[in-house]
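Everything below concerns the one structure shown next.
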């Protein structure tokens with residue numbers, strides 16, 4: 001298995017770039033990742049892979065002019081060549097009037113997110129777990145999905161003297177079970193450690209959903225109360241981050257939160273924050289500019305407080321970076337990668353019991369933005385959509401298309417789940433969210449299955 | 001680098017592979033973005049490595065590495081074999097491959113002017129001037145312009161004796177005008193959204209785009225949209241421009257015809273397909289006017305190549321003929337399921353990924369008439385231009401698209417401008433309602449460089465030749 005290069009191994013590579021002469025500043029971002037994925041469909045393992053790659057991203061600054069070059073030749077010579085290429089670009093472009101400087105020296109939070117068992121997970125171990133999962137399939141049903149184990153190390157060094165490095169691992173199991181009479185069920189789990197993953201449990205959850213969703217009935221489109229399980233909530237929160245929480249869009253009046261600082265934007269039951277240093281999330285405790293990730297309260301008790309910032313947007317806003325910079329160059333600005341939504345005191349069963357007529361949604365599928373300023377998105381329900389009547393789940397319904405403002409949904413959120421689950425809507429990001437009861441949710445169409 | 005690929009194949013065979021192929025490769029990119037006459041981003045990247053695919057006991061294994069020392073290549077080959085053996089933990093039908101003649105060949109797409117050698121100063125000056133022209137429009141908030149260049153060099157070798165060198169080169173550019181005001185934001189893009197018009201070509205393509213010439217028009221349209229009414233909600237006749245047709249074809253025809261998706265191999269990720277393996281020649285997918293071709297030899301398409309990543313020569317395959325579904329996109333593994341040989345659509349997102357069935361250039365065959373003539377022939381309806389948003393269900397049948405702008409068509413003329421237009425439908429009903437497909441005059445080969453598929457996620461670069469077209473009884477203005 002590959003091994004960590006480590007801070008000491010990264011240092012001489014970084015130094016080769018930092019020695020570049022004739023410029024004002026150099027930053028070297030180092031990424032090394034490896035891992036395997038065992039993919040299955042029709043209850044057979046059909047695509048299993050393993051990959052290892054490294055990356056160096058060198059940002060060079062000369063009189064406020066910035067150039068960036070990336071290479072996966074992770075050697076001192078590769079770093080030198082990338083630095084030279086970045087310098088050539090920096091010499092040609094105009095200066096950035098808002099250039100904030102490179103990340104200053106700052107201690108980064110110490111978190112332990114590297115688990116040897118995950119980093120060294122073998123194809124045999126994943127195959128065994130997949131066999132356990134598939135073993136939970138009811139007759140007439142098959143399983144599809146993936147068990148992925150990844151390890152990564154991120155390092156950053158710059159000519160300001162900032163040096164940081166952090167390893168981490170993550171593991172995930174996702175499955176869809178489908179079969180007779182249109183039944184389909186979904187379950188997933190994410191963790192830093194394979195030790196906490198029980199693929200059989202995931203299989204049983206998906207199997208229960210699949211059995212329960214056979215022979216779905218058509219239900220008219222319209223506005224319904226909904227109970228959203230955590231995977232569905234993760235879609236809403238992930239897209240809310242995209243259309244709202246980044247400092248760049250916020251400052252440019254392109255965010256659904258622009259002009260709404262300290263205003264009520266959601267029900268008082270809703271609180272959302274980002275905290276890359278929290279042990280319950282994934283990834284590095286510093287951003288891709290080497291700035292320590294800070295907790296940022298985004299929405300507290302339904303009131304929007306602030307966005308997240310990187311060095312450049314922080315300078316524009318007159319505030320320090322909150323540690324949310326992405327790899328340069330990054331025209332889109334900062335992004336929250338470690339979101340949390342506060343829990344409440346309800347269970348999904350409580351939410352169902354409190355619903356006269358509504359819909360229970362397991363997950364959403366293929367969502368996309370309709371109107372970012374209105375935080376409006378569209379997408380489908382999938383793999384377990386059920387009708388609730390008089391406080392009970394009475395049967396499956398065909399999948400809906402929804403077209404809904406996220407803040408509109410959060411404004412009618414009446415109940416919040418007592419347990420949060422880690423989920424991921426976008427690559428490299430994770431959110432820990434509970435189930436929600438939303439009183440008004442717009443299903444704008446119905447599919448044929 | 002062909003030696004690297006051959007070394008990997010030898011190592012895999014020595015480790016016990018029944019069949020092995022390897023792709024050594026290098027991806028190079030250059031990207032420039034200017035915003036309001038300031039450099040928002042300029043970067044280059046280069047990535048090199050080798051991916052090794054093996055078949056052991058009828059099961060696949062794949063491993064890749066960025067380190068090309070002999071010892072590391074051997075380790076990776078052995079790992080690929082171990083992965084294939086681990087897959088035997090579960091029962092299942094062994095993979096059988098359709099035959100292919102091992103090719104020894106070299107291929108490179110046509111290109112007149114290498115974009116990587118065009119001076120950066122020239123590229124920056126083009127983008128600066130385009131944004132300056134856009135900013136001359138009163139009320140415009142942001143003017144953006146970008147260029148993207150991509151070169152993939154691949155050296156493929158197989159235990160059957162194939163040895164193929166191949167280079168594809170893509171160049172693209174575009175502008176985007178954004179107007180912000182009164183709690184609203186409107187955007188216009190040129191020549192298309194999401195970084196413009198990307199083609200398999202050199203820098204000569206950039207010189208034809210007219211980024212500077214069209215800049216003020218795009219800027220003005222963005223500002224005009226701020227004051228336009230919302231697209232009404234109704235069932236009406238819908239005319240789509242060529243740029244929106246690109247994504248309509250991509251999502252509601254290109255993906256459902258992927259045979260791996262039909263066979264359930266993508267079920268847990270983006271989902272399956274409403275088609276079944278027995279549908280060839282039997283299912284009416286669209287009206288008689290609609291014929292769709294998958295053509296990996298199409299000039300300028302991002303899905304154009306000499307050989308796919310299994311070493312199968314590029315082909316042109318009829319997909320829908322006069323509205324009737326005829327063929328899937330297939331790979332060597334899936335083609336035997338429908339009694340065929342591969343039609344060469346198995347491609348990977350570079351050296352580090354396993355090849356999957358990917359669209360090549362999935363195009364609608366042009367019929368007759370210009371966009372203006374289609375609009376002139378429409379008594380009442382809505383015309384929509386330029387995609388902003390897309391969503392489709394897990395059977396690739398229920399879709400919803402958003403566009404940048406729309407106009408009311410009244411008695412053959414464009415009248416009221418609308419903002420935030422969108423429309424929804426079910427694929428076979430929608431395509432069945434098509435009663436006009438434009439001719440060669442307005443048929444454009446567009447590039448989609450961001451098609452997601454697979455686990456781990458892969459990004460595919462695919463092409464679509466598209467004409468404007470008209471559809472009847474479509475729900476627009478979804479809220």
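Values in this text are rule-based calculations from the coordinates and carry no lab data. Keep in mind it's a predicted model, so treat the numbers as computed, not measured. Heads up, the Cβs are rebuilt from the backbone with ideal geometry, glycines too, and the neighbour counts pull from every protein chain shown.
Please state the relative contact order of chain B as a whole percent: Cα pairs under 8 Å, 6+ residues apart? Intermediate results must be reported in sequence, preceding the final value.
Details: 1356 pairs, mean separation 74.3, N = 479.
Relative CO of chain B lands at 16 percent.
Take the Cα atoms of the range B:234-476, find their three principal axes, and give me the spread along each one in whole Å, biggest first.
Extents along the principal axes: 52, 33, 32 Å.
So what's the angle, to the nearest 10 degrees on a 0 to 90 scale, between helix A:6-18 and the longest Cα principal axis of chain A?
Taking Cα atoms only, the helix is inclined about 50 degrees.
With each label point set 7 Å from Cα along the Cα-Cβ vector, what nm distance links residue A:264 and residue A:392?
So the two model labels end up 3.7 nm from each other.
Take B:96, B:29, A:136 and order them by how many other Cβ atoms sit within 10 Å, fewest up front.
On the way: B:96 11, B:29 17, A:136 20.
Fewest to most other Cβ atoms nearby, the residues stand as B:96, B:29, A:136.
Measure nothing but the geometry: give the 0 to 90° angle between the long axis through the Cα atoms of B:120-135 and the longest principal axis through the Cα atoms of chain B, rounded to 10°.
Orientation of helix B:120-135: about 30 degrees from the principal axis.
Can you give the helix-only mean residue ellipticity at 222 nm for chain A, where every DSSP H stretch with n ≥ 4 adds -39500 (n - 2.57) and the sum goes over all residues, rounded to the nearest 500 deg cm²/dmol? Walk me through the numbers on the way to the answer.
Details: 10 runs with 93 residues, N = 449.
Roughly -6000 deg cm²/dmol at 222 nm, from the helical runs in chain A.
Note down the nm distance, to one decimal, between modelled labels 7 Å out along Cα→Cβ at residue B:129 and at residue B:337.
The two pseudo-label positions are separated by 5.2 nm.
Mind pulling up the Rg/Rh value for chain B? Radius of gyration and Kirkwood radius, both on Cα. Walk me through the intermediate numbers first.
Working: Rg = 23.3 Å, Rh = 23.4 Å.
Looking at chain B, the ratio lands at 1.00.
Give the order of B:209, B:426, B:2 when sorted by the count of other beta carbons within 10 angstrom, beginning with the fewest. Kindly include the intermediate steps, with their values, before the conclusion.
Numbers: B:209 22, B:426 19, B:2 16.
The fewest-first ordering by Cβ neighbours comes to B:2, B:426, B:209.
Order of A:209, A:293, A:315, A:87 from fewest to most other C-beta atoms within 10 Å?
Details: A:209 24, A:293 28, A:315 16, A:87 21.
Ascending number of Cβ neighbours within 10 Å: A:315, A:87, A:209, A:293.
log₁₀ I(q)/I(0) of the range B:108-248 at q = 0.09, 0.10, 0.11, 0.22 Å⁻¹, via Debye over equal Cα point scatterers, no solvent, to two decimals?
-0.39, -0.46, -0.54, -1.28
Got a sec? Which residues in the range B:233-252 would a label at residue B:415 touch, if it sits 7 Å along Cα→Cβ and we count backbone N under 20 Å?
B:233-240
Only helical DSSP H runs with n ≥ 4 go in: add -39500 (n - 2.57) per run for chain B, normalise by residue count and round the 222 nm mean residue ellipticity to 500 deg cm²/dmol. Intermediate results must be reported in sequence, preceding the final value.
Values: 9 runs with 89 residues, N = 479.
Using -39500 (n - 2.57) per qualifying helix, the result is -5500 deg cm²/dmol.
Just tell me how shielded A:141-154 is by partners: mean number of partner chain Cβ atoms within 10 Å of each residue's Cβ, no decimals. Walk me through the numbers before you get to the answer.
Details: counts 0, 2, 2, 9, 4, 5, 1, 2, 0, 1, 0, 0, 0, 0.
So the per-residue partner count for this stretch is 2.
How much length is gained if the chain between residue A:106 and residue A:15 is pulled fully straight, taking 0.36 nm per residue apart and subtracting their Cα-Cα distance, in nm to one decimal? Could the numbers behind the result be given before it?
Numbers: separation 91, 0.36 × 91 = 32.76 nm, distance 1.88 nm.
Extra length available between residue A:106 and residue A:15 comes to 30.9 nm.
Which distance in nm do the two modelled labels at residue B:299 and residue A:180 give, with both placed 7 Å along the Cα-to-Cβ direction?
Each label point lies 7 Å from its Cα, and together they span 5.7 nm.
With everything on Cα atoms, drop me the angle between helix A:123-134 and the longest principal axis of chain A, reported from 0 to 90° to the nearest 10.
20
How many Cβ atoms of partner chains, on average, are near each residue of B:140-147 if near means within 10 Å of its Cβ?
Working: counts 0, 3, 2, 0, 1, 0, 1, 0.
Across B:140-147, the average partner-chain Cβ count within 10 Å equals 1.
Under the definition of Cα pairs under 8 Å and six or more residues apart, what whole-number percent is the relative contact order of the range B:234-476? Don't skip to the answer; put the middle values down first.
Working: 677 pairs, mean separation 67.8, N = 243.
The value is 28 percent.
Work out the FRET efficiency for residue A:251 and residue B:280 from their Cβ-Cβ distance, taking R0 = 51 Å, and round it to the nearest 0.05. Could you put the intermediate results ahead of the total?
Values: r = 54 Å, r/R0 = 1.06.
After rounding to 0.05, the efficiency reads 0.40.
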